[in-house]
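Novice: Sharing a structure below in structure tokens format, with a few things to ask.
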Amino acid sequence: MLNSLRMSLKIDYAYSLNSFIYNLRRLPIFKDLITDDLYKSKNLKKVVAFLSTGWAFFKAIFFNLLYFFSIYFLASLINKSHLSLTFIHIYFIFTIIGFFINNRLLNTSKKKYFSIVLFKMDAKEFMESSLVYNLFKYLLLHSFSFLIISFFVKVPLLVIVQLVLLAFFSRITGEALNILFYKRYSYVWLNNYYLYFSILISLLILSFLPLKNIFISSNLIFIVLLIFIIISPFSFRYLVRVKDYKLIFKKLNTKNMALSEQEALSYSRQQMVEVKKKDINISSKRLKNKKGYDLFNTIFFERHREILLRSAKKFSLFLAIIYIVLGFLVLNDANIFRGVNAFFSSNLGWFVLIMYFINRGAIVTQAMFFNCDHAMLRYNFYREPKVLLGLFKKRLKLLIKVNLLPATVMVLGNSLLLYLTLNKEVYAYLVIAFYIITLSIFFSVHYLVIYYLLQPYNSEMQLKKVSYSLVSILTYGVCYYVSTVRLNYLSFGILFIIFTLLYSAISLYLVYKFSPRTFKIN
Amino acid sequence: MIDLSLFLFEKICYNTGKEVINLKLEIINLSKSFSEKEVLKDIDFTFESGKIYGLIGRNGAGKTTFFNSLNEDIDIDSGFFYLEDSYGRNRLDIKDIGYVTSVASVPEFLTAREFLTFFLEINKKEIRCDYYFDLVKIAKEDQDKLLKDYSHGMKEKMQILINIISNPKVLLLDEPLTSLDIVVQEDMKKLLKGLKKDHIIIFSTHILELAMDLCDEIVILNNKKLEKVEKANLNTKKYKDKIISALKDVKNA
């Protein structure tokens, strides 16, 4: 087992090292400085290895602390006067959420693809070693984070021990449950969105109970811990006894998945290149009177309805929940009431950043490439300027429509909050609504334009262009900057609408002029 | 059966009644390198219609790079491409090129029939899907399946079919045929032979026998250059040896 852990860490290390060098070489200055020889130079590799190990270590600690401080922040938002109890409550609920959704074993990863599919490592040993490794990593990181957070919030030592143990033992059972589910129903339950969201949402609602001064009791924590301690050995035995890990891993970790570079959520990538069963048959009404590219585009949309709309729907639901919770808080807490009121009068810039995260432009253009342009750009008739631009227009309409879904939820949510904070200015409702819609259109134009001007993917569907990543970072930077601007809503709204009109005009001109040359496979 | 289809096929697509047009594809001074690795260097070559050219080179020699350069898929370091037809000599336009890639590219969200109909519609050709499906032997039960569920070879058939119907003056084929079944392979060979008189066909392959059987000229890509291997009066065995020894000749340029 130790040997296989060593091997899998080695593969991980070699992969991250070489991708680090590879990515370094793609940067303009380093391109000429670094040659292929770096891949074989041992000394330099040691330096890079040191840096990359340090980085991985730092990242693990950072994200764990971020997790703890987010809970702390949330706790102080929900119930400041019982901070410690609220913290324990939320940590407990989040651990239970983790029990359901944090399944490392069935999670797809490049490392699994390399280790098990390519290098033919023993899947069971791999599973055992990574399970044990992750469990202990988890134990150490959580103990450490509790140590740090205890400077900010007082949690009795006994409770800390209980909570860490709970996290540890629930993990084992959670993994076993996930595997059991997979073996029984042949799919990872996380992919069942209805099940996933209903569990997630009901647990999330429970984590808000401290608002009403209801907290998880220490007895309940103890009982739940006890249950997990009793079940864990059986879960562990089950995990060790499952024989077909190889098959399971092979099914989940396909080559396409391993090729993905930019996908943070590894499932979504696989699902991106898929036509959902229920989308295969399109009602003839939708295709009536359509011909040529119009028909082509309609079929594309209909067959990928699920993929294109899924994440927009998810975000809309998420937003709706946030607005409802905020509405609830506004009615119950005078501070939040004032905060929301002040927010709408001078902090409209924040919506730029929020829309940046919510807009589905990046995902939809990715789906366009993976499922359509990747193949069609190989045909020269498809690359003719007239065709490209015609399709661009159709797609822009489509993208705007997809993004209008979460935008509409935002408009409704904002109006609700404005109403609840007793805002009586009709202008405010109108300007903010118009502003949100403009914002949504702005991002739709932006993402489609940069997709057409920079087409960043290569034939293996990898993101290849540094310029695309730079533009994405720049976009984020600008959005962040705009979010800090404090202006009254009227000036801000109007200025932004003018800006969007100008931006759209310029960028559409650029697409018309340059995309026939730039829109191709790299 | 196939000859008849071929005859009809040509009638529809190419108006074979017209006089044969002589085409020339001139490549002047083509160079391409990836970071420090030079792949193509000062290539000057002329391809003509009436012949099928077999492009042969060792792994990594740059065959696909050569095709990608012609098809403007990649930026080249230097070079010009001209196409000469009865109207004169002009810069090569990508509209004139059909490119069958080694990994078949088809829009997987469409059924074969939808793809073919769409293609015929936008190219304003008569929509006779069944006829074309017959030609590449795609069975009735597969015609309305999503292309995503097609095997590699069947996707390849669709890709070749579309490229042939679009009737480009220059047809680039990057290692095709290898994943087709033997019957379709034979049909495709006949089809390509039928097309060669008014098309420039460049066909890259690793299978020497296939190249010698199908192609009129063997061109090897070696030491960053294109080089014709003259057959002269050599018999098959000697010609084959000559090609292999030419491929083995690596200069440290």
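Please treat every number below as a calculation from the coordinates, not as lab data. All values derive from a computational prediction rather than experimental measurement. When we count neighbours, we look across all protein chains shown, and the Cβ atoms used for this are built from the backbone with ideal geometry, even at glycine.
Novice: Mind checking the stretch A:393-455 for trypsin sites (Lys or Arg not before Pro) that DSSP puts in a loop (not H, G, I, E or B) and that have at most 10 other Cβ atoms within 10 Å? Don't skip to the end; give the middle numbers.
Specialist: On the way: sites: A:Lys393, A:Lys394, A:Arg395, A:Lys397, A:Lys401, A:Lys424; in loops: A:Lys424.
Within the stretch A:393-455, the qualifying trypsin sites (Lys or Arg not before Pro) (loop, at most 10 other Cβ atoms within 10 Å) are A:Lys424.
Novice: Would you please name the trypsin sites (Lys or Arg not before Pro) within the stretch A:471-522 that are DSSP coil residues with at most 16 other C-beta atoms within 10 Å of their C-beta? Display every interim value, and only then the final one.
Specialist: Numbers: sites: A:Arg486, A:Lys513, A:Arg517, A:Lys520; in loops: A:Arg486, A:Lys520.
Here the sparse-neighbourhood loop sites are A:Arg486.
Novice: Something else: Do the alpha carbons of any pairs in A:Lys111/A:Lys313; B:Lys95/B:Lys240; A:Lys393/A:Lys520; A:Lys42/B:Lys63; B:Lys197/B:Lys237; A:Lys110/B:Lys37 sit beyond 26 Å of each other, and which pairs?
Specialist: With Cα atoms farther than 26 Å apart: A:Lys111/A:Lys313; B:Lys95/B:Lys240; A:Lys42/B:Lys63; B:Lys197/B:Lys237; A:Lys110/B:Lys37.
Novice: With θ set to phi - 60°, apply the Karplus curve 6.51 cos²θ - 1.76 cosθ + 1.60 along the stretch B:78-89 and write out the HN-Hα couplings as whole Hz, x wherever there is a Gly or Pro.
Specialist: For the stretch B:78-89, the Karplus-derived couplings read 7, x, 9, 10, 10, 10, 10, 10, 5, 8, x, 10 Hz, x marking Gly and Pro.
Novice: Take every Cα pair under 8 Å in chain A that's 6+ residues apart, average their separations, divide by the length, and report that relative contact order as a whole percent. Please list the in-between numbers first.
Specialist: On the way: 508 pairs, mean separation 78.1, N = 522.
Answer for chain A is 15 percent.
Novice: Let me ask you something else. Roughly how many whole Å is it from the C-alpha centroid of the stretch A:72-138 to that of the stretch A:329-360?
Specialist: 31
Novice: Of the trypsin sites (Lys or Arg not before Pro) in the stretch A:201-252, which ones lie in a loop per DSSP and count no more than 10 other C-beta atoms within 10 Å? Please report the intermediate quantities before stating the final value.
Specialist: Values: sites: A:Lys212, A:Arg237, A:Arg241, A:Lys243, A:Lys246, A:Lys250, A:Lys251; in loops: A:Lys243.
Passing sites in the stretch A:201-252 are A:Lys243.
Novice: Please give the helix B:182-195 orientation as an angle from the longest Cα principal axis of chain B, in degrees from 0 to 90, rounded to the nearest 10.
Specialist: That works out to roughly 70 degrees.
Novice: Multiplying the sequence separation of B:Leu234 and B:Gln143 by 0.36 nm and subtracting their Cα-Cα distance, what value in nm do you get? Provide the component values of the computation, followed by the final result.
Specialist: Working: separation 91, 0.36 × 91 = 32.76 nm, distance 4.60 nm.
Between B:Leu234 and B:Gln143, full extension yields an extra 28.2 nm.
Novice: Taking only Cα atoms, what is the 0 to 90° angle, nearest 10, from helix B:2-14's long axis to the longest principal axis of chain B?
Specialist: Its long axis makes an angle of about 80 degrees.
Novice: For the pairs B:Lys196/B:Lys248; A:Lys10/A:Lys46; B:Lys41/B:Lys190, note any where the Cα-Cα span goes beyond 25 Å.
Specialist: Working: B:Lys196/B:Lys248 30 Å; A:Lys10/A:Lys46 13 Å; B:Lys41/B:Lys190 34 Å.
Listed pairs above 25 Å: B:Lys196/B:Lys248; B:Lys41/B:Lys190.
Novice: Can you give the longest stretch of chain B with no exposed loop site, where a site means GluC sites (Glu not before Pro) in a DSSP loop (not H, G, I, E or B) with at most 14 other C-beta atoms within 10 Å?
Specialist: Numbers: sites that count: B:Glu19, B:Glu36, B:Glu126, B:Glu230.
By the stated rule (loop sites, at most 14 other Cβ atoms within 10 Å), B:127-229.
Novice: Using only helices, what value at 222 nm comes out for chain A when you add -39,500 (n - 2.57) per DSSP H run of length 4 or more and divide by the total residues, to the nearest 500 deg cm²/dmol? Write down the numbers at each step before the final one.
Specialist: Numbers: 21 runs with 388 residues, N = 522.
Using -39500 (n - 2.57) per qualifying helix, the result is -25500 deg cm²/dmol.
Novice: Another one. I need the helices of chain A that pass two filters: whole DSSP H segments spanning 27 Å or more by Cα along the axis, and mean Kyte-Doolittle score no lower than -0.5.
Specialist: Working: long enough: A:2-26 (36 Å, -0.16); A:42-78 (53 Å, 1.21); A:123-149 (38 Å, 0.87); A:157-185 (41 Å, 1.27); A:218-241 (34 Å, 1.83); A:305-332 (40 Å, 1.35); A:385-420 (51 Å, 1.09); A:426-454 (42 Å, 1.97); A:489-518 (41 Å, 1.26).
Once both thresholds are applied, what remains is A:2-26, A:42-78, A:123-149, A:157-185, A:218-241, A:305-332, A:385-420, A:426-454, A:489-518.
Novice: Give the peptides A:431-438, A:47-54 in descending order of average Cβ contacts within 10 Å, highest first.
Specialist: Ranking, from highest mean packing down: A:431-438, A:47-54.
Novice: Right, here's the next one. Which angle between 0 and 90 degrees, to the nearest 10, do you get for helix B:152-165 versus the longest principal axis of chain B when only C-alpha atoms count?
Specialist: 90
Novice: Pull up all non-local amide H partners of B:Gly98: gap of 5 or more, or a different chain, and H-to-H distance under 5 Å with H placed in the peptide plane.
Specialist: B:Val170, B:Leu171, B:Leu172
Novice: Let me ask something additional. Given the C-alpha centroids of the stretch A:400-419 and the stretch A:191-260, what is the distance between them in whole angstrom?
Specialist: If we compute the Cα centre of each part, the gap is 33 Å.
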